[in-house]
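Working notes for the structure below.
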Amino acid sequence: METVIAPSITPPPFKYLVNEPDKWALFLDFDGTLLELAERPDAIEVPPGLERLLDRLYRLFGGALAVITGRSLSDLDCYLPPGNLPAAGQHGGELRRGPGKVQVLKADVLTNPIRDRLARFAVTHEGLMCEDKGNSIALHYRGAPKQEPAILALAEAIVRESQGRLEVIRGKAVCELRPVGINKGTAVRAFLAEFPFCGRWPLMIGDDRTDEDAFAVALESGGAAIKVGAGGSLAQWRLADPGATRDWLRGALT
Ligand SMILES: [Mg+2]
């Protein structure tokens with residue numbers, strides 16, 4: 001996908017951009033967007049009031065709010081009220097349209113030998129963490145940035161061997177393998193096909209490369225996209241960091 005450098009334009013206040021919430025659907029990445037990144041994915045701290053903020057936005061949007069994350073849904077539920085919010089986990093590999101309504105897309109192409117190979121690599125290289133989420137496998141290397149070339153070489157070798165059925169997704173100090181054709185953009189599209197999201201303009205907010213697929217779908221659908229933090233993006237607006245994002249979202253409720 002072509003990525004362009006987004007202008008450093010702060011979005012208009014929430015109430016100006018989304019002046020009719022019943023015509024919009026809100027899609028939010030989690031790590032690095034709603035809360036600050038941590039050394040390890042299990043070391044994040046949920047800011048006070050985030051849960052209440054999301055709950056109020058969920059109601060304002062008539063239920064058309066979904067968290068679109070790379071985490072598994074079971075992991076996400078450790079940090080947000082379990083099972084309450086619509087959400088996509090594992091970059092679209094899992095979709096929850098409502099409490100108890102979870103669809104898991106199949107990932108047979110991630111075979112046990114591949115899972116073992118990545119897990120073994122992580123335990124034999126200091127500072128790495130292998131996270132097998134089921135539909136995708138992530139190697140986290142925030143604690144060992146010098147390992148990045150070796151990790152990418154391994155991931156690319158596995159992709160070649162998969163004959164095009166797997167792809168590498170790179171994020172902030174994380175390299176992930178997932179089946180081709182499933183991403184945050186397909187997740188947003190799946191939500192937009194159903195009530196209460198259908199017929200609304202999507203607004204996607206995210207901070208990482210994996211959010212670009214969702215930005216593209218939001219823009220194609222006549223909606224809007226906001227990039228959080230530095231880096232090139234398709235998004236037309238930018239917020240500085242997760243704190244600024246929470247402040248901007250709170251503007252919906254004043
Ligand atoms: Mg993120």
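None of the figures in this text is laboratory data; all of them are computed from the coordinates on show. Quantities reported herein were computed from a predicted structural model and do not represent experimental measurements. Don't worry about glycine lacking a Cβ; one is built from the backbone with ideal geometry, like all the others, and counts go over all protein chains shown.
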Subject >> Around ARG96: net Lys/Arg minus Asp/Glu count, Cβ-Cβ under 15 Å >> reply: +1
**OP:** Loop only per DSSP, at most 13 neighbouring Cβ atoms within 10 Å: give me the GluC sites (Glu not before Pro) in the stretch 158-205, ordered by residue number.
**Re:** GLU194
Subject >> Fully extended contour minus Cα-Cα distance, from ARG40 to SER74, at 0.36 nm per residue >> reply: 10.5 nm
Original post:
Going by alpha carbons, how many degrees (0 to 90, nearest 10) lie between the helix axis of 50-60 and the longest principal axis of the chain?
Top reply: 50
Original post:
When only Cα pairs under 8 Å and 6 or more residues apart are kept, what is the percent relative contact order across the stretch 164-247?
Top reply: 21
Subject >> Cα long-axis angle, helix 112-123 against the chain (0 to 90 degrees, to the nearest 10) >> reply: 90
Original post:
Given only helices, namely DSSP H runs of n ≥ 4 each adding -39500 (n - 2.57), what is the per-residue ellipticity at 222 nm of the chain, to the nearest 500 deg cm²/dmol?
Top reply: -8000 deg cm²/dmol
**OP:** Please state, to two decimals, what the Cα-based radius of gyration of the chain comes to when divided by 2.2 N^0.38 Å (N = residues).
**Re:** 0.98
**OP:** Report, as a whole number in µm² per second, the diffusion coefficient that Stokes-Einstein gives for the stretch 112-179 at 4 °C and 1.567 mPa s using the Kirkwood radius over alpha carbon pairs.
**Re:** 111
Original post:
Considering only DSSP states other than H, G, I, E and B, which GluC sites (Glu not before Pro) in the stretch 1-105 qualify as loop sites with at most 15 other Cβ atoms within 10 Å?
Top reply: GLU2, GLU36, GLU39, GLU45
Original post:
Distances over 16 Å make up what percent of all Cα-Cα pairs in the stretch 1-117?
Top reply: 69
**OP:** With an 8 Å cut-off on Cα pairs and a minimum separation of 6 or more residues, tell me the relative contact order of the stretch 112-179 in percent.
**Re:** 28
Original post:
From the Cα gyration tensor of the stretch 48-160, with a ≥ b ≥ c the square roots of its eigenvalues, which class applies: rounded if a/c is under 1.5, or else prolate if a/b is larger than b/c, or else oblate?
Top reply: prolate
Original post:
Taking a ≥ b ≥ c as the square roots of the eigenvalues of the Cα gyration tensor of the stretch 165-254, is the shape rounded (a/c under 1.5), prolate (a/b larger than b/c) or oblate?
Top reply: oblate
Original post:
Each label point is 7 Å from the Cα along the Cα-to-Cβ direction; what then is the distance between the points at VAL180 and GLU51, in nm?
Top reply: 4.3
**OP:** Count charges around GLY83 for me, please; just the other residues with Cβ under 14 Å from its Cβ, Lys/Arg as +1, Asp/Glu as -1.
**Re:** -2
**OP:** Report the relative contact order of the chain, percent, no decimals, based on alpha-carbon pairs under 8 angstrom and at least 6 residues apart.
**Re:** 25
Original post:
So what's the net charge close to PHE61: Lys and Arg +1, Asp and Glu -1, counting the other residues with Cβ under 12 Å from its Cβ?
Top reply: +1
Original post:
Considering lysine pairs in the chain that are 8 or more places apart or on different chains, how many have Cα atoms under 19 Å apart?
Top reply: 12
